[in-house]
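A short reminder: the numbers here are calculations on the coordinates, not readings from a lab. As the structure is a prediction and not an experimental result, all values here were calculated from the model. Note that we place each Cβ from the backbone using ideal geometry, even for glycine, and neighbour counts take in every protein chain shown.
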Amino acid sequence: MIWETSEAEEWIDKEKELYFYSNLEALMAEKGLSIAELSERTGVAQSTIRSLIRGRLKRLDSISTGKLTQFFQCKLDELYAMKWE
């Protein structure tokens, strides 16, 4: 979707910040994977996986995100949910 600048400005709530929440824990549970197993199979550091599971993020790491979406064969919006807070 391409927005004109004025449309994007209306959509963005300047008093709030956009956070990303990971659905990673649910995806891991479906495959019966531990953090260590997922790290080994994807090359994503265990500390990164823990951070994704624990809480909200202000930005996404494109390399880790790419590896995880490829591994789970899912789209970005299936891996992360966005919320203004």
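Compared with the direct C-alpha span, the chain from Ala45 to Lys58 gains 2.8 nm at full extension, assuming 0.36 nm per residue.
Along its three principal directions, the equivalent ellipsoid of the range 21-84 from the Cα gyration tensor extends over semi-axes of 17, 12, 12 Å, largest first.
In nm, what is the difference between 0.36 nm times the number of residues separating Ser34 and Tyr21 and their Cα-Cα distance?
Roughly 2.8 nm would be gained on extension.
Size of the dipole of the range 21-84 about the Cα centre, Lys and Arg at +1 and Asp and Glu at -1 on the beta carbon, nothing else charged, in debye to 20? Once rounded to the nearest 20, the dipole reads 300 debye.
Each of Gln46, Leu27, Leu60 was placed along the dipole of the range 25-84 (beta-carbon charges, centred on the mean Cα), and the one lying farthest toward the positive end is Leu60.
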